[in-house]
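Below is the structure I would like to discuss, written out as structure tokens.
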Amino acid sequence: MTSDPSVPDRPLGATPLPGEPTPPPLAEIPEEGHVATPGARPANAVHFTRAAALWSALIGGFLILILLLVFIMQNTNSITINFFGWNWNLPLGVAILLSAVGGGLLTVAVGTVRIVQLRRAAKKNLKTRF
């Protein structure tokens, strides 16, 4: 064994000993007349479509729905909710689900207000340019 990195310890092409790292495989030799461009996609590659995105979103949504249903069915203990003098008796899972939906609706409302503000500002800036 030598410490010189330019001189190999074993001849090229020899089978590696147990415990030695195996060398990476040789790259494929391109066909004659075919030049591979970096980042190019093969001609038979599947293209991204809106339908594929819709199906992916539907599958993800159904998986989340199944998880929510399991959560609600496992948390059926009834609790009392007090809000500004009103009292409700609901299962715990339903109460948590309703609070999450309420939080989501509040987030959508705030986001909508912000989008409307940005659109008004963009229109105002567009009018002042001309």
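Every number in this text was worked out from the coordinates using simple rules, so none of it is lab data. Predicted, not measured: the structure shown is a model, and the values here were computed from it.
If I stretch the segment between residue 47 and residue 121 completely, what's the gain in nm (0.36 nm per residue apart, minus their alpha carbon distance), one decimal?
Net length gain for the segment: 22.9 nm.
I need the phi-derived Karplus couplings for the stretch 99-113: 6.51 cos²θ - 1.76 cosθ + 1.60, θ = phi - 60°, integer Hz, Gly and Pro marked x.
5, 5, 5, x, x, x, 5, 5, 5, 5, 5, 5, x, 5, 4
Looking at the square roots a ≥ b ≥ c of the eigenvalues of the Cα gyration tensor of the stretch 65-108, which shape do they give, rounded for a/c under 1.5, prolate if a/b is larger than b/c, or oblate?
Oblate shape, in that a/c is at least 1.5 and b/c is the bigger or equal ratio.
Give me the Kirkwood hydrodynamic radius of the stretch 50-129 in Å, from all C-alpha pairs, to one decimal place?
16.3 Å
Between residue 72 and residue 55, 0.36 nm times their residue separation minus their Cα-Cα distance comes to what?
Taking residue 72 through residue 55 to full extension adds about 3.6 nm, to one decimal.
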